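In what follows, a structure is listed as structure tokens, so that the remarks can point back to it.
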Amino acid sequence: MREEQIHVLLKVMANQPLEEEELFSAHESFVKRGWVFMFTLGDQSVLIVTKEVREAVQNCLEDEQTKMLLAMVIIMRRVAWAGVNLYGVLERRQYYQMYYKYLDKHEDDNAGRLPEGYPDKALKLMLDQGLEELAEREEIFRLEGDYIIHSDLEDKSDYMLLLRTARGKEYYSPTPEEEKIFKNSLIDQQNRYYQKALRLLKQACGAWELAGNLMYEFEYKVVEEDKGWWEMLDILLRQEIVFKDKPAAELFFQNLSRWTHEAKRWCNRGYSNKELKLEFKERPIIPDSVIRQNSSNIKGKKIGRNDPCPCGSGKKYKKCCLGKVW
């Protein structure tokens, strides 16, 4: 089981309320397997853990060896997922280093450590075995020799090209907080510039789901393909998305360009362009093709406020269609 699934199961056993996403996870992970029964009482869903599952979990939590192995698997998965999301492809030695670094930052916690007396090579062997088990069970990465490879790099030529591009660069060393973020995502979605750009895109799209999907597509372009803010122009033109005016478009692309400068990239081995002090163009040039054309900026003679409205109503322009979309 994944760390999140274990957390949800323990909350169900303790009769703690679940968030909407946790409730969905409980249904998909446990109800369908018959481990948990779900009953609907009015507007509420009540989850009951079967006696057999409850006893098995409690026995596991009471057994020191089982707790140790469970903690190791959780840390292995966290490190492996964060590694492939940050780097695209990494060597096993980097995977070991990330695991050991996690232990160093949690010196007061015995989780993930072998009992005293075990040689270091025993832990390394268990890390390799755990990695192979995870690669068989989960689709996010695969193993090829000494490399751990993100599933988006489908061919050997893809990850070999990435290795050549990143050659000579050091691996970025994530903080524990960043490991939590990148074990589930290619990017930090709480980045302030990302959030501002997403809100502005939602206003242009008129739908949160569409805006989220477009940003999701753009994330891959930036992180995996080392693209810049201009790649979003192609996405917007393809979807025929336009902004209400030039200031809105400029604000969107300014925030987008700042986010792309701070985004972690595979070609940089997890570093952002900002961290590498690469050139940053803060004020991108915005083409008119992504700005909604209204009556005040259509090519031709400019319409005066007191001129007859071009809609044919007979009213003055300022009293009729000024400010409206054509």
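The values are calculated or read from the model by the stated rules, or taken from the named source; none is laboratory data. Since we're looking at a predicted model, the values are computed, not measured. Positions of Cβ are generated from backbone atoms using ideal geometry, with glycine treated the same way; all protein chains shown enter the neighbour counts. Keep in mind that these areas ignore ligands, DNA and RNA; they rest on the heavy atoms of the full protein, side chains included. Shrake-Rupley method; radii C 1.70, N 1.55, O 1.52, S 1.80 Å.
Run the simple label-point estimate for Gln293 and Arg137 please: 7 Å along Cα→C-beta, distance reported in nm.
5.8 nm
PRE reach from Glu62 (point 7 Å along Cα→Cβ): which of segment 1-39 fall under 18 Å by backbone N?
Only 10, 13-14 fall inside the zone, counting backbone N under 18 Å.
Quick one: grab the alpha carbon gyration tensor of segment 20-98, order the square roots of its eigenvalues as a ≥ b ≥ c, and give me rounded if a/c is under 1.5, else prolate or oblate depending on whether a/b is larger than b/c. Before the final figure, lay out the partial values.
Numbers: a/c = 4.18, a/b = 1.70, b/c = 2.46.
It comes out oblate by the Cα gyration axes.
Find the accessible area per residue for segment 219-272; the probe is 1.4 Å, ligands and nucleic acids are left out, and the unit is Å². Before the final figure, lay out each step's value.
Numbers: 2110 Å² over 54 residues.
Result: 39 Å² per residue.
Could you check the spin-label model distance between Lys121 and Phe280? Points 7 Å from the Cα along Cα→Cβ, value in nm.
Distance between label points: 4.8 nm.
Could you provide, to the nearest whole Å², the per residue accessible area of segment 1-61 with probe 1.4 Å? Numbers along the way, then the final one.
Details: 4270 Å² over 61 residues.
Computed with neighbouring chains in place, this is 70 Å² per residue.
Looking at segment 1-60, which chymotrypsin sites (Phe, Trp or Tyr not before Pro) are in a loop (DSSP not H, G, I, E or B) and have at most 10 other Cβ atoms within 10 Å?
Working: sites: Phe24, Phe30, Trp35, Phe37, Phe39; in loops: Trp35.
Sites meeting the loop and neighbour criteria: none at all.
Under a crude label model (7 Å from the Cα following the beta-carbon direction), how far is Tyr216 from Glu19 in nanometres?
So the label points at Tyr216 and Glu19 sit 1.7 nm apart.
Which entries in the list Lys246/Lys277; Lys196/Lys244; Lys32/Lys67; Lys101/Lys121; Lys169/Lys264; Lys101/Lys264 go over 18 Å, if you measure between the two C-alpha atoms of each?
Working: Lys246/Lys277 30 Å; Lys196/Lys244 16 Å; Lys32/Lys67 26 Å; Lys101/Lys121 16 Å; Lys169/Lys264 14 Å; Lys101/Lys264 20 Å.
Over 18 Å Cα-Cα: Lys246/Lys277; Lys32/Lys67; Lys101/Lys264.
What is the list of residues in segment 56-87 whose amide nitrogen lies under 18 Å from a point 7 angstrom out from the Cα of Phe37, following Cα to Cβ?
Correct set: 56.
Length gain on complete extension for the stretch Arg54 to Ser185, per 0.36 nm per residue less the alpha carbon to alpha carbon distance? The partial results should precede the final answer.
Values: separation 131, 0.36 × 131 = 47.16 nm, distance 3.15 nm.
Taking Arg54 through Ser185 to full extension adds about 44.0 nm, to one decimal.
Calculate, in nm to one decimal, what Lys246 and Glu178 gain on full extension: separation in residues at 0.36 nm each, minus their alpha carbon distance.
Details: separation 68, 0.36 × 68 = 24.48 nm, distance 3.54 nm.
Extra length available between Lys246 and Glu178 comes to 20.9 nm.
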